[in-house]
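Below you'll find the structure, written out as structure tokens, and then a few comments.
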Amino acid sequence: MKKLLAHNSLIIVIAIASIWSTQTSAFAPAPKHLPVRLAAGQRLQQQSETWNRTELYFGSSKPDGSVVSEKKFQRFVDEDVTPRFPDGLTVLTGNGQFKNSAGVILKERSMVLILLYPMEPDDSSSLKIEEIREAYKSAFQQESVLRVDSLANVSF
């Protein structure tokens, strides 16, 4: 009799677990991204375009020992960068170092401006970027503003 009760109890536990798992999976949140299964040699086609990506590295130390404040840098972005690239930009702040023309290594807070923009036959964006570099060097007595250009696949 004890064996029969134990066996029936086990069947009831399995039945409840089975019902529970089907009920809870019905209420489980759907995954955010479903895996895509591709046939051998098949590539996932993305809706992307090739754009230009430019990073500008701005130093904050000035020759007189003062620094470009966050407020002054933001004003520079608002007045000199945004009018040239109103569709969007990203600014990151970090710590960098720079070897100046006198051979002295300066450690300073630096800002990285990231611009993504469509490829253009007339290169007008590149000219705007050069204007930004020159404006920053002039306004904040900088020897240089590092520019890094690359291509990026973008999609929105």
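The values are calculated or read from the model by the stated rules, or taken from the named source; none is laboratory data. Fair warning: this is a prediction, and the values are worked out from it, not measured in the lab. We place every Cβ from the backbone using ideal geometry, glycine too, and count neighbours over all the protein chains shown.
Observations
- Taken as a whole, the condition of being surrounded by 11 or more Cβ atoms within 10 Å (Cβ to Cβ), out of contact with any Asp or Glu (no Cβ under 6 Å at 6 or more places or on another chain), of a type in the set (Ser, Thr, Tyr) and under 10 Å from residue 59 (Cα atoms) applies to residue 136.
- Looking at 99, 72, just one residue is at pLDDT 95 or above and of a type in the set (D, E, K, R), and that residue is 72.
- Matching residues in region 73-84 - criterion: being free of Cβ contacts under 8 Å to residues at least 40 places away in the same chain, surrounded by 12 or more Cβ atoms within 10 Å (Cβ to Cβ), in a helix (DSSP H, G or I) and not aliphatic (A, V, I, L, M): 73, 74, 75
- Test: residue in region 143-150 that is at pLDDT 95 or above, assigned to a helix (DSSP H, G or I), of a type in the set (Val, Ile, Thr) and buried (at least 17 other Cβ atoms within 10 Å of the Cβ): no
- Among the criteria (1) exposed (fewer than 13 other Cβ atoms within 10 Å of the Cβ); (2) in a loop (DSSP other than H, G, I, E, B), the one residue 95 does not fulfil is (2).
- Qualifying residue in region 60-69 (condition: part of a strand (DSSP E or B), in contact (Cβ under 8 Å) with a residue 60 or more places away in the chain and out of contact with any Ser or Thr (no Cβ under 8 Å at 6 or more places or on another chain)): no
- Restricting attention to region 85-102, the residues being of a type in the set (D, E, K, R) and in contact (Cβ under 8 Å) with a residue 12 or more places away in the chain number 1.
- Single residue of 91, 67, 77 found to be among the hydrophobic types (A, V, I, L, M, F, W, C), at pLDDT 90 or above and more than 30 Å from residue 154 (Cβ to Cβ): 67
- Single residue of region 103-125 satisfying the filter (without any contact (Cβ under 8 Å) to a residue 40 or more places away in the chain and not in a loop (DSSP other than H, G, I, E, B)) that is surrounded by the fewest Cβ atoms within 10 Å (Cβ to Cβ): 105
- Filter result for the condition that a residue is closer than 20 Å to residue 48 by Cα and under 24 Å from the mean Cα position of the chain (by Cα), over 150, 126, 110: 150
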